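Working notes, beginning with the structure itself.
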Amino acid sequence: MNNFFHRDRIAGLIIYPAGDVLAQLILGEFSFLRIIVLALAGGFVYAWEIPKWFRFIEKRYTHFFQRTLAAIAYFKPLWIARHLFFITASMTPAILWPPNAAVGAFILCVIAGTKSFIGA
C-alpha cells in the first residue's frame, strides 16, 4: 500500500486532471500549470484521502442512506472549495503569498463551494 505507483495514485494523477482538461476545453481555455497542479492534487491528496474516507464510511455506517449522506458531506461544499482553490492557485500563483492572501482566497472558495452546494 505504501508503493509510490499504487493504482489509486496513478488514477488520481490521470483521472482528476482529465476531467478538468475537458472543462477547460469546453470553456475554450487551456493551462498546462493548472493540469500539473490538479494532477499533483489528485495523485497525492485525493488518492490518499478518498479511499480512506470511503473505507471509514463502509465501517461506520451500514444503511445506504447513512452512507449516501456521509459521501455527500465529504464532497460538498468543502471538496468544491478545495477544488476551486487548487484551480485559483494554479491560475494565479501570487495568491499563495503572503499567507493571509491565501487564506482569504480559500475563504472565497468556501463561499463559492457553499453557494454551489445550496444551489444559490
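The numbers here are math on the coordinates, done by the rules we state, and not lab data. Remember, predicted model here, so these are calculated numbers, not experimental data. Don't worry about glycine lacking a Cβ; one is built from the backbone with ideal geometry, like all the others, and counts go over all protein chains shown.
List of remarks:
- Every test in (1) under 27 Å from GLY119 (Cα atoms); (2) surrounded by fewer than 12 Cβ atoms within 10 Å (Cβ to Cβ); (3) not hydrophobic (A, V, I, L, M, F, W, C) is passed by LYS52 save one, and that test is (1).
- Take the conditions (1) farther than 26 Å from LYS115 by Cβ; (2) free of Cβ contacts under 8 Å to residues at least 40 places away in the same chain; LEU25 misses just one of them, which is (1).
- When LEU69, LEU27 are screened for being more than 14 Å from the chain's Cα centre (by Cα), within 28 Å of ILE10 (Cβ to Cβ) and loosely packed, with under 14 Cβ neighbours inside 10 Å, only LEU27 passes.
- Within region 50-66, tally of residues that are part of a helix (DSSP H, G or I), more than 22 Å from the chain's Cα centre (by Cα) and not aromatic (Phe, Trp, Tyr): 3
- Any hit, region 73-88, residues being more than 25 Å from LYS115 (Cα to Cα) and either surrounded by 13 or more Cβ atoms within 10 Å (Cβ to Cβ) or out of contact with any Phe, Trp or Tyr (no Cβ under 6 Å at 6 or more places or on another chain) (or both): no
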